[in-house]
Protein chains: 2
Amino acid sequence: MTTLQDVLLPAIEVELQHQISRLVDPRLHPLHDMLTYHMGWTGDGSGRSAQGKRIRPLLLLLTCAACGGEWNAVLPAAASVELIHNFSLLHDDIQDNSTERRGRETVWYKWGMPQGINTGDALFVIANLSLLDLVPSFDTELILSAATLLQTACLALTEGQFLDLSYEKREDLTMEDYWTMVTGKTAALLSACCAVGSLFGGGDETIRDAYRNYGHFLGLAFQVQDDYLGIWGDAALTGKSIESDLVTGKNSLPVLFGLEKKGVFAKRWLNGPISPDEVMGLSDQLEKEGARLYTQNTADQMTDMALQYLRSADPVGNAGQELFELTNKLTGRQR
Amino acid sequence: MTTLQDVLLPAIEVELQHQISRLVDPRLHPLHDMLTYHMGWTGDGSGRSAQGKRIRPLLLLLTCAACGGEWNAVLPAAASVELIHNFSLLHDDIQDNSTERRGRETVWYKWGMPQGINTGDALFVIANLSLLDLVPSFDTELILSAATLLQTACLALTEGQFLDLSYEKREDLTMEDYWTMVTGKTAALLSACCAVGSLFGGGDETIRDAYRNYGHFLGLAFQVQDDYLGIWGDAALTGKSIESDLVTGKNSLPVLFGLEKKGVFAKRWLNGPISPDEVMGLSDQLEKEGARLYTQNTADQMTDMALQYLRSADPVGNAGQELFELTNKLTGRQR
């Protein structure tokens, strides 16, 4: 059966390509190449798996349609949020010294750090220009409101990133620090996607608030679920223990739970990097201290909150149906 | 005598500080500190000389006033262009591996590259949010036009930066490549400052075009003059030859002129880095090949173009008078 998403996803790619085609001067072809490589359209390993899931533009379009709006009119806004996300990924990869993303070499690793930073900057500018493409189709006040929502989310993104980078050297982190960080790094932009979608979809203030909260809790649920899988997911436990968040040293929710317990896990964690052969034992220890159940319950709570807000927004049509399905999929409710 | 600039400069600082004070959460104090350090307000060596000349906001405010507008109403736009400029400086310093700016340690050198990138990103976001602060005071269409002018300039900025970074490894550069690069890196934002100032000042399309062109040629004249001083200025020639553009290897206009001549200078330049004790001899050689006169004439031509467009914009009052004076000062006409 053809879903609405099957129609939206190719339309998103076309709009993204249109936005990035702003760089037409032949002198700029190599810059254009770096952008299309990062977006997953060109170069070694290009294709669907290199493009990511395009969750943010999907959410924006589905929210717009679920409010009764025309999704095709807001494609430039959908492109904008995906470009914002990708700008942050490009800089993230440099900051984390990551050589691989989605199974391919990262831009900075391929073309050098200076060009990597600049390519990220260019993506952010194109994201801002994309939104301005809505000028002929929508009321100027709506567009300025959307710009404010998105830039506010971007500020939260840089705040979250600041905290994430600062946390690397700290040993006194609490779960409260975690929530501040993931609200900025993950929830703010997802929340803005839903707020902007409902704004252009014609939702009134109550509906827009409901969608904004939906996106917020969806982001938190998604992140907590990701943290769960980072320790107890198949890839983290079987064979490829190198992918465990315990090995990469990520300050995820279960780890901070364990640190607050100040037990056996905390003692080992604070004693230096975890090797892959410790992963099985240490994840069992963390589970024994209650972190697995706590993380699972927290993900469930956040998912329930997201679904509750989504129901209160009273989404209509296929788009509404698909928002519920997407929520369940992203939060692992279908596990 | 008190000039208009004496009034504008403190008002610009207050507005910039207001914009950056968005980061109020105590957890974000260190991020706020990095921003205020970079802006020259806090930390070792803070003060007027650490703040730069604030040329871009000055131009925007003077242009607005010279069109008969109220400069105080557009202070958030003035802050926006200065923050855009500083965002690009922060990332430039990382890309060029510069440890010093305005006589002080650079942000990335002090706090690390990852935080340096993120602080630059935050500055750009705050620049975008600043412009949106104009919403209650101006027509929404004007604000969207200003946003388009500024983001288009930012795209040109990243394009110019891409070219600059690419040129480092190329030996076949021509003066045409130079103009493309400096149009993006220097002229585009100065041009946008004047275009935005005249837009909010109430200038009609002819006036706005004149100011846009004025800013463009002012930017080119300023850059060429900077290139001239980088080789034949006092700091470049006497004592501190280490500051000569010949030593830093900058692809400046005189150098590209010399390369196109394919003479003695070009041969030496392509043969590897220039040491400080070669500076006197090589700058004389470049002068002998005609580069000094050519660069001087080009700066003069660009300055004449700028002044011609400025006159055609018919600027009024003290602001108009100060625009002429600022132009002469920036382009070295008062040397």
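Given the DSSP H assignment, sum -39500 (n - 2.57) over each helix run of at least 4 residues in the protein assembly as shown and divide by its residue total; what's the result at 222 nm in deg cm²/dmol, nearest 500? Don't skip to the answer; put the middle values down first.
On the way: 35 runs with 468 residues, N = 670.
Counting only the DSSP helices, I get -22500 deg cm²/dmol.
Per residue, how much space in cubic angstrom lies within the convex hull of the C-alpha atoms of the range B:13-149? Can you show the working numbers first?
Values: hull volume 15.2 nm³, N = 137.
Once divided by residue count, the hull of the range B:13-149 is 111 Å³.
Run through the range A:145-196 and list the GluC sites (Glu not before Pro) located in a DSSP loop whose Cβ has at most 15 other Cβ atoms within 10 Å. Please report the intermediate quantities before stating the final value.
Values: sites: A:E159, A:E168, A:E171, A:E176; in loops: A:E168, A:E171.
Passing both the DSSP loop test and the Cβ count: A:E168, A:E171.
Give, to the nearest whole percent, the P(r) tail of chain A beyond 30 angstrom, counting all Cα pairs. Kindly include the intermediate steps, with their values, before the conclusion.
Details: 20794 of 55945 pairs.
For chain A, the fraction of Cα-Cα distances above 30 Å is 37 percent.
Can you pick out the pairs among B:K267/B:K329; A:K169/A:K267; B:K267/B:K288 whose Cα atoms lie more than 25 Å from each other? Show your work: numbers first, answer last.
Working: B:K267/B:K329 35 Å; A:K169/A:K267 16 Å; B:K267/B:K288 15 Å.
Distance filter (> 25 Å) returns B:K267/B:K329.
Most exposed first by the Cβ proxy, i.e. fewest other Cβ within 10 Å, how do B:F257, A:F324 rank? Could the numbers behind the result be given before it?
Details: B:F257 24, A:F324 16.
With the fewest neighbours first, B:F257, A:F324 line up as A:F324, B:F257.
Regarding the range A:204-335, what whole-number volume in Å³ per residue does the convex hull of its Cα atoms give? Display every interim value, and only then the final one.
Details: hull volume 13.7 nm³, N = 132.
Taking only Cα atoms, the range A:204-335 has a hull volume of 104 Å³ per residue.
Within 10 Å of each Cβ of A:129-142, how many other protein chain Cβ atoms are there on average? All intermediate terms of the calculation are to be shown ahead of the outcome.
Values: counts 6, 1, 3, 6, 1, 1, 5, 0, 0, 0, 1, 7, 5, 1.
Partner Cβ neighbours, averaged per residue: 3.
For a footprinting-style exposure proxy, rank B:C154, A:C193, B:C64 by other Cβ within 10 Å, fewest first.
Numbers: B:C154 26, A:C193 35, B:C64 30.
Ascending Cβ contact count within 10 Å gives the list B:C154, B:C64, A:C193.
Label the range A:92-237 by shape, choosing from rounded, prolate and oblate, from the square roots a ≥ b ≥ c of the eigenvalues of the Cα gyration tensor; if a/c is under 1.5 it is rounded, and otherwise prolate applies when a/b is larger than b/c, oblate when it is not.
oblate
What per residue convex hull volume, in Å³, do the alpha-carbon atoms of the range B:154-241 yield? Don't skip to the answer; put the middle values down first.
Details: hull volume 10.2 nm³, N = 88.
It is 116 Å³ per residue.
Just need the Rg to Rh number for the range B:1-77, please, alpha carbons only, Kirkwood Rh. The partial results should precede the final answer.
Values: Rg = 14.2 Å, Rh = 13.7 Å.
Result: Rg/Rh = 1.04.
Translational diffusion coefficient, Stokes-Einstein: compute it for the range A:226-285 using the Kirkwood radius over C-alpha pairs as Rh, at 4 °C and 1.567 mPa s, and state it as an integer in µm² s⁻¹. Let's see the in-between values first.
Numbers: Rh = 11.2 Å.
Diffusion coefficient, whole number: 116 µm²/s.
Could you please report the charge total around A:E260, scoring K, R as +1 and D, E as -1 over all other residues with beta-carbon less than 14 angstrom from its beta-carbon?
On the way: positive: A:R170, A:K261, A:K262, A:K267; negative: A:E171, A:D172, A:E176, A:D177, A:E289.
Overall, the nearby charge balance is -1.
Consider the operator that turns chain B into chain A: which B residue has a Cβ nearest its axis, and what is that gap in Å?
B:T140, 2
What are the extents of the Cα atoms of the range A:42-104 along their three principal axes, listed from largest to smallest and rounded to whole Å?
Sorted from largest, the Cα extents of the range A:42-104 read 43, 24, 15 Å.
Taking a label point 7 Å out from Cα toward Cβ, give me the nm distances from A:Q301 to the same spot in the other copies, shortest first, one decimal.
Its label point is 7.1 nm from the equivalent points in the other copies.
What are the ³J(HN,Hα) values, in whole Hz, obtained from phi via the Karplus relation 6.51 cos²θ - 1.76 cosθ + 1.60 with θ = phi - 60°, for each residue of the range A:311-320 in sequence order, with x given for Gly and Pro?
Whole-Hz 3J(HN,Hα) from phi for the range A:311-320: 4, 5, 7, 6, x, 9, x, 4, 4, x.
So, R0 is 30 Å and r is the distance between the beta-carbons of A:Q296 and A:D6; what FRET efficiency does that work out to, to 0.05?
On the way: r = 32 Å, r/R0 = 1.06.
With a Förster radius of 30 Å, E is 0.40.
Which distances, shortest first and in nm, link A:F324 to the matching position in the other copies, using label points set 7 Å out along Cα to C-beta?
Spacings between copies for this position, smallest first, are 7.3 nm.
Shortest first and in nm with one decimal, please list how far the A:F138 label point sits from its counterparts in the other copies (point 7 Å along Cα→Cβ).
2.1
Please report the orientation-averaged projected area of the protein assembly as shown, defined via the convex hull of its C-alpha atoms, in nm². Intermediate values should be presented prior to the final figure.
Numbers: hull surface 124.0 nm².
Projected over every direction and averaged, the Cα hull of the protein assembly as shown covers 31.0 nm².
Each value in this text was obtained by applying a stated rule to the coordinates, not by laboratory testing. The model shown is predicted, which means the values in this text are computed figures rather than measured ones. Don't worry about glycine lacking a Cβ; one is built from the backbone with ideal geometry, like all the others, and counts go over all protein chains shown.
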